[in-house]
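The values are calculated or read from the model by the stated rules, or taken from the named source; none is laboratory data. Only a predicted model underlies this, so the values are computations on that prediction, with no experimental measurement involved. Virtual Cβ from ideal backbone geometry, glycine too; neighbours counted across all protein chains shown. Each accessible area value is taken on the protein alone, full model and side chains, heavy atoms only, with ligands, DNA and RNA left out. Shrake-Rupley method; radii C 1.70, N 1.55, O 1.52, S 1.80 Å.
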Amino acid sequence: LDWGQDILRLRRVCRERQIGELNALLFTSADPGALGFPALRPISTTTASHGWLAISETSYAMAGGDAFRWLRAQPFTRVGKSIRLYYLP
């Protein structure tokens, strides 16, 4: 299940990797800005994004269909059990 339990792990990874801007689609009720996250930008499920991307498993699964077709073959790092972290130059 994905209820935002890995949001603090993601914050730690962002700090460790010195990520200054993050494209994100996260399933959480937490306020990432209040938690000290870098600047967040929304991700489109149909249009490719570049840079650092964080997508929660629930958000990924709920998008369904052809969503994230542009992202499917890309490698990612798992943050905890519920967040995918990508880097697309």
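Percent relative contact order of the chain, based on C-alpha pairs within less than 8 angstrom and at least six residues apart?
That works out to 34 percent.
Which length gain, in nm to one decimal place, applies between THR77 and GLN18 when the Cα-Cα distance is subtracted from 0.36 nm times their residue separation? If you can, show how the numbers build up before the last one.
Values: separation 59, 0.36 × 59 = 21.24 nm, distance 1.56 nm.
So the chain would gain 19.7 nm between THR77 and GLN18.
Mind pulling the per residue volume of the convex hull built on the Cα atoms of the chain? Å³ is fine. The partial results should precede the final answer.
Numbers: hull volume 7.9 nm³, N = 89.
Taking only Cα atoms, the chain has a hull volume of 88 Å³ per residue.
Place a point 7 Å from Cα of MET62 in the direction of its Cβ. Which residues in region 1-45 have their backbone N less than 17 Å from it?
What the label zone holds, given the 17 Å backbone N cut-off, is 1-7, 24-32, 42-45.
For region 39-89, which whole percent of the accessible surface, found with a 1.4 angstrom probe, sits on carbon and sulfur atoms?
Numbers: 1610 of 2880 Å².
Exposed carbon and sulfur together represent 56 percent of the surface.
So what's the gap between the Cα centers of region 63-86 and region 1-58, to the nearest angstrom?
Region 63-86 and region 1-58 have Cα centres spaced 12 Å from each other.
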